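Here the structure is laid out as structure tokens; the discussion comes afterwards.
The values are calculated or read from the model by the stated rules, or taken from the named source; none is laboratory data. As the structure is a computational prediction, the values presented were derived from the model and not from experiment. Cβ sites come from the backbone with ideal geometry, for glycine too, and all protein chains shown count toward neighbours. Keep in mind that these areas ignore ligands, DNA and RNA; they rest on the heavy atoms of the full protein, side chains included. Shrake-Rupley method; radii C 1.70, N 1.55, O 1.52, S 1.80 Å.
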Amino acid sequence: VRPFHFQLVVDLLTAIAAGTAPADQVMHGAFRQHRQMGGRDRGLVAETVYHVLRHRRRLARLAGSDAAAALAAAAWLELGLVDSDTLTRFGFTGDARAIAHAVNEGLPADAPFADRASLPDWLADALSQQFGESEAAALADALNRPAPVDLRVNPLKTTREALAGVLAASGHPAVPTPWSPQGLRREDRAPLFNLPAFREGLFEVQDEGSQLIGLLTAPQPGERVLDLCAGAGGKTLHLGALMQGRGAIVACDVSARRLDQLKPRLARAGLSNVRLTPIRDENDAKLKRLRGGFDRVLVDAPCSGTGTLRRNPDIKWRALELDQLLRTQAALLDAAARLVKPGGRLVYATCSLLDAENAAQIDAFLARHPEFRRMPVADSLREAGIDWPPTETDLRLLPHRHGTDGFYAAVLARGETG
């Protein structure tokens, strides 16, 4: 641990707080500027930055300040990387001994839930109301821990068992995920993108919860499928694999750049039945021409991202335009409804924990669209070989209960004559 490391952590926290780019991009750019840093040094800095992003509110309370240097000092003391005298030698101008004492004491038992959970007030309030404070505390604790690395096997090229063997032989052991029959999990977060198995398209990195969304959509070989908000295309790739490369997938997104980034991934996965279609918005004329044309439509809606805080802890400290997101989600659902064939299936998914973005959106949609009805997710998952509690109509995945990111999904069937 050197003064340079401390200053770099402070500089990174300051840049991330500006909110102009996600934390991982800010760090990637900084590490490219400091190519002399070894992997261990980069790991030390990244671990500290992510510790602050996860626990910022609690650390600020302990440090008596939300300034980047005070947060970095509290984090290093909490992680046991330095003592208070070392911090002072490194040029920290705050009261290092007072912060060390506060870190050793911890927060008082009567500290507000938002401080203990390191959540912004609005999110602490929303989760407490939805889950009750004790379960909200367990959920927040899970959200503040690093996520494992989940892989999804490409069934067009291999099996889960065969891939596990290949990974173990290369020194990267993985265990089967508990829910998805196509998933493997690694607690080690070392990147795998240079492995021959990755370059040959044997697997993708995809959270187990995200894999269940594809299995709920359940596209069949030969069908016509629309991924309305394809983004970087993780779920598109899964849908194509489930269809065994047969039939047609239209992958849409408002970002043509993100769709372009999907091209090499499609080639690696061995998929040639995906048409990439940039759109202006959900009312684009390209979509109007496809009215009633799809057996399955997936709406992986833009959302608050609150279910992904294990991976993206910086987003909880950004301003959120929730009302605008809710309007966008409703508009996407209405547009998707027009694209589903009679007898077809619409799947709505978010990586949000908030009822307003999830069940409340579907309740309002069904009031507007009586030609659709909810299907119990347990039925679809059973077809995929997953034993899911039959009492749950919609899919609600939570990190403290299921070990996945937070996801929501509803399966909606369109009537044969609707």
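Tabulated data
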item	result
Matching residues, segment 291-319, being among the aliphatic types (A, V, I, L, M), in a loop (DSSP other than H, G, I, E, B) and either modelled with pLDDT of 95 or more or buried (at least 18 other Cβ atoms within 10 Å of the Cβ) (or both)	Ala301, Leu309
Criterion: over 31 Å from the mean Cα position of the chain (by Cα) and acidic (Asp, Glu) - qualifying residue of Asp66, Asp24, Asp41, Asp95	Asp95
Residues being part of a helix (DSSP H, G or I), in contact with an Asp or Glu (Cβ under 9 Å, 6 or more places away or on another chain) and within 22 Å of Ala218 (Cβ to Cβ) - total across segment 362-386	5
Residue match in segment 58-65 (condition: basic (Lys, Arg), buried (at least 18 other Cβ atoms within 10 Å of the Cβ) and without any contact (Cβ under 8 Å) to a residue 60 or more places away in the chain)	yes
Candidate set from segment 131-143 (those that are aliphatic (A, V, I, L, M) and more than 17 Å from the chain's Cα centre (by Cα)); member that is least open to solvent (accessible area, probe 1.4 Å)	Ala136
Exclusive hit being crowded, with 18+ Cβ neighbours inside 10 Å, polar (S, T, N, Q), more than 25 Å from Glu47 (Cβ to Cβ) and at pLDDT 95 or above, set Ser118, Ser128	Ser128
Pick from segment 216-226, criterion outside any loop (DSSP other than H, G, I, E, B) and closer than 20 Å to Leu262 by Cβ, ranking: most open to solvent (accessible area, probe 1.4 Å)	Arg224
Hits in segment 68-88 (condition: free of Cβ contacts under 8 Å to residues at least 40 places away in the same chain and open to solvent by 50 Å² or more (accessible area, probe 1.4 Å))	Glu78, Leu79, Gly80, Asp83, Asp85, Thr88
Segment 235-259, residues that are assigned to a loop (DSSP other than H, G, I, E, B) and either crowded, with 17+ Cβ neighbours inside 10 Å or among the hydroxyl-bearing types (Ser, Thr, Tyr) (or both)	Met243, Gly247, Ser255
Condition met for Pro181 (surrounded by fewer than 18 Cβ atoms within 10 Å (Cβ to Cβ) and under 30 Å from Asp66 (Cβ atoms))	no
Restricting segment 144-171 to residues that are polar (S, T, N, Q) and crowded, with 19+ Cβ neighbours inside 10 Å, the residue that is nearest to Leu184 (Cα to Cα)	Asn154
Scope segment 320-349; condition in a strand (DSSP E or B) and either surrounded by fewer than 20 Cβ atoms within 10 Å (Cβ to Cβ) or not aliphatic (A, V, I, L, M) (or both); matching residues	Lys341, Pro342, Gly343, Gly344, Arg345, Tyr348
Residue that is surrounded by the most Cβ atoms within 10 Å (Cβ to Cβ), among those in segment 14-57 that are at pLDDT 90 or above and of a type in the set (S, T, N, Q)	Thr48
